[in-house]
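The values are calculated or read from the model by the stated rules, or taken from the named source; none is laboratory data. Computed from a prediction, not measured in an experiment: that's the story for all the values here. All Cβ positions, even for glycine, are placed from backbone atoms using ideal geometry, and neighbour counts span all protein chains on display.
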Amino acid sequence: MKLWGGRFTKETNQLVHNFNASLSFDQKFYKQDIEGSIAHVTMLEKQGILTEDEKDQIIAGLSGIMEDISNGSLSFDDEAEDIHSFVEAHLIERIGDAGKKLHTGRSRNDQVALDMKLYTRDEIEEIDGLLKTLLTNLYNIMKDNTKTYMPGFTHLQKAQPVTLAHHIGAYFEMFKRDRSRLSDTKKRLNLCPLGSGALAGTTYPLDRAYSASLLGFDGATLNSMDSVSDRDYLIELLSDLSIIMMHLSRFCEEIIVWNSNEYQFVEIDDSYSTGSSIMPQKKNPDIAELVRGKTGRVYGSLMSLLTTMKGIPLAYNKDMQEDKEWAFDSIDTVKGCIALFTGMISTMSFRKDVMEKSAMNGFTNATDAADYLVNHGVPFRDAHGIVGQLVLFCIDNNKSLLDMTLEEYKAISPVFENDIYEAISLETCVSKRNTIGAPGTEAMNEVLKLHEAYLAE
Ligand code: ARG
């Protein structure tokens, strides 16, 4: 059944129908569509626009449709144009005339705007839950590794020693911000477009605030033209999702590097690795690579929707139907990626011995050696030069700073004494860094307390 056959004298061309139809993808929010319709008729009855009996019949009919779709006894055919037509047609088929009143004071334009907001809101909740689980896993790794030393890098060159807790803690901050971004997006989207009609409201005495409250919105939107053509919240969501993917992708990149034969900082569990069809020795980090790769899809959706929206005049235009596949694909992609990533990282083993050895061997304590000299009255710039000479000596003699004898130190600067070894041990280098946010155990424990409270919220 078509919702708009009256003024037409010819059948729609089949290819036009196929090209125009959205049921194949907007069936994804059938629950939200029905939920919105139930709120709409509840409001219509309260306002005296429908009788109680009509309302009851419609709600019973809609609930039956919801149930039948959920249990698979009602399936989507190719006939309906979209989920809205599908549900309305089936309602009329089931309850007759009362069903024809469902769409009173409503357009598909405010309906689809509502459905998409409801769907997005539900999905934001889910993604937030997945991020929280990921954060809990990261927190556990951090707690166990406040004294696991590893090199910290800049330019992918060993820089200064940090701990695994500190390194993982950087990602903890990123995913925490991601949650807060999602919650901002939700706050801004949470105004209800229902009752905006096609673009100019309706002549019925609707109580928009009431339907908004039935659906858990903070209120009704204030401009009906904007309401039916606003897709800002989807662009915001796709941008939030892109940033989440960027974070996951950076993390995956590190894991791929750490898991390489050269680094061996970590070993991805067999259950999260794959093999090669030709090289029997291979164990590949495919999951991390795929997450990194799928980032492109999500960025693509963001750029696509931005581009689609840029030239659309007010108010509703069919271009906007394109928002759905990008949003759905990105939401599903991100949910899958967070879940897989969480599984991968929580089963991965960290080779603490290798990390620590690597931190010992890359002059990551050179800054601390310079600080030692500064503490003995040498100006920093001179200290920098002296330690540069030490490093050169070590490279020439294939040693680390800790392997040098005191005589060798003194030959370069007489300021060095026996306490230099203690001053540049990994443990000292890290534990002395105790300003908040630094890797020192005291500072880290304070941050961990804050994280614990945050996760308990
Ligand atoms: N399937 C449409 C969409 O997703 C529903 C709104 C149709 N409105 C219209 N005026 N044709 O945007």
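Brief remarks on what is shown
- Applying the set (1) touching a Leu at 6+ places or on another chain (Cβ under 7 Å); (2) within 16 Å of the ligand (Cβ to nearest atom) to residue 339 leaves exactly one unmet item: (2).
- Among the residues of segment 366-384, those that are assigned to a helix (DSSP H, G or I) and not hydrophobic (A, V, I, L, M, F, W, C) comprise 367, 368, 371, 372, 375, 381, 382, 384.
- Contact map, segment 316-329: residues that are without any contact (Cβ under 8 Å) to a residue 60 or more places away in the chain paired with residues that are more than 10 Å from the ligand (Cβ to nearest atom) and not in a loop (DSSP other than H, G, I, E, B), Cβ distance under 9 Å, separation 6+ or inter-chain. Pairs shown: 319/308; 319/309; 322/304; 322/305; 322/308; 329/297; 329/298; 329/301.
- Of the residues making up segment 284-299, none is within 16 Å of the ligand (Cβ to nearest atom) and over 17 Å from the mean Cα position of the chain (by Cα).
- Checking each residue in segment 148-195 for being in contact with a Leu (Cβ under 9 Å, 6 or more places away or on another chain) and not in a helix (DSSP H, G or I) picks out 148, 149, 150, 161, 191, 192, 193, 194, 195.
- Helices (runs of 4 or more DSSP H) wholly inside segment 385-457 containing at least 3 residues that are in contact with a Pro (Cβ under 9 Å, 6 or more places away or on another chain): 426-431
- Among the residues making up segment 39-71, those that are closer than 20 Å to residue 210 by Cα, of a type in the set (S, T, N, Q) and surrounded by fewer than 16 Cβ atoms within 10 Å (Cβ to Cβ) are 47, 51.
- Test for residue 387: is it of a type in the set (A, V, I, L, M, F, W, C) and more than 31 Å from the chain's Cα centre (by Cα): yes
- One residue stands out among those in segment 302-321 that are within 15 Å of the ligand (Cβ to nearest atom) and assigned to a loop (DSSP other than H, G, I, E, B): the one that is surrounded by the fewest Cβ atoms within 10 Å (Cβ to Cβ), which is 313.
- Selected residue (only one of 107, 70, 85 is modelled with pLDDT of 95 or more and more than 16 Å from the ligand (Cβ to nearest atom)): 70
- Any hit, segment 123-137, residues being part of a helix (DSSP H, G or I), among the hydrophobic types (A, V, I, L, M, F, W, C), under 26 Å from residue 210 (Cβ atoms) and more than 16 Å from the ligand (Cβ to nearest atom): yes
- Of the numbered criteria (1) under 29 Å from residue 111 (Cα atoms); (2) without any contact (Cβ under 8 Å) to a residue 40 or more places away in the chain, the one residue 155 fails is (1).
Rundown of residues vs (1) in contact with a Ser or Thr (Cβ under 7 Å, 6 or more places away or on another chain); (2) of a type in the set (A, V, I, L, M), yes/no style:
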| residue | (1), (2) |
| --- | --- |
| 110 | yes, no |
| 122 | no, no |
| 125 | no, no |
| 137 | yes, no |
| 142 | no, yes |
| 145 | yes, no |
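- The listed residues are 115, 26, and the only one of them that is touching a Gly at 6+ places or on another chain (Cβ under 8 Å), among the acidic types (Asp, Glu) and within 16 Å of the ligand (Cβ to nearest atom) turns out to be 115.
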